[in-house]
Amino acid sequence: QILGQSDLSLTLKATQAVLNQSVVLKTLKRNPQVTIDFAQLKQQFTQDARRFARCQHPGLVRLLDFFEEEGFPFAVMDFVGGQSLADRVRDSG
């Protein structure tokens, strides 16, 4: 299920099959309209994931795993159900 997307990335809700646990997958997507070098973008995505993995705070989801599939990097994070920040701001101002 698509949770969000931009010109450069895609965020999905998925199920980790073995544990039957909902997770979030974040990955990059190729966009011919974006002139940024994909290899450079992939390197930045990986560096950001490494930095995020070191962050531990009750207000942040955990980075559970990181892998590459068919040349695309994937960050696997906890799924926390509820209202999105955009929805909350829209509803509460």
Q.
Counting only other residues whose beta carbon sits under 15 Å from that of L64, what net charge do I get with K and R as +1, D and E as -1?
A. +3
Q) So for the chain, taking the charge dipole from beta-carbon charges (+1 Lys/Arg, -1 Asp/Glu), which of T15, Q83, P73 sits furthest toward the positive end? A) Q83
Q) Could you sort L12, L19 by accessible area so the largest value comes first, with the probe set to 1.4 Å? A) L19, L12
**Q.** Per residue value of the accessible surface for the chain (all protein chains in place, 1.4 Å probe), Å²
**A.** 75
Q.
I want the local charge near N31. Using Cβ-Cβ distances under 14 Å, sum +1 for each Lys or Arg and -1 for each Asp or Glu among the other residues.
A. +1
Q. Reachable aspartates and glutamates from K29, Cα under 17 Å, same-chain residues fewer than 8 places away excluded?
A. D7, D37, D48, E68, E69, E70
(Q) With Cα Rg over 2.2 N^0.38 Å as the read-out, I listed (1) 1.42; (2) 1.17; (3) 1.86; which label goes with the value calculated from this structure? (A) (2)
Q) Taking Cα atoms of region 47-93, Rg/Rh with Kirkwood Rh, to two decimals? A) 1.09
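The values are calculated or read from the model by the stated rules, or taken from the named source; none is laboratory data. Here the structure is a predicted model, which is why all the values come from computation and not from measurement. Please note: Cβ atoms are built from the backbone with ideal geometry, for glycine as well, and neighbour counts cover all protein chains shown. Just the protein is used for accessible areas: all its heavy atoms, side chains included, with ligands, DNA and RNA removed. Shrake-Rupley method; radii C 1.70, N 1.55, O 1.52, S 1.80 Å.
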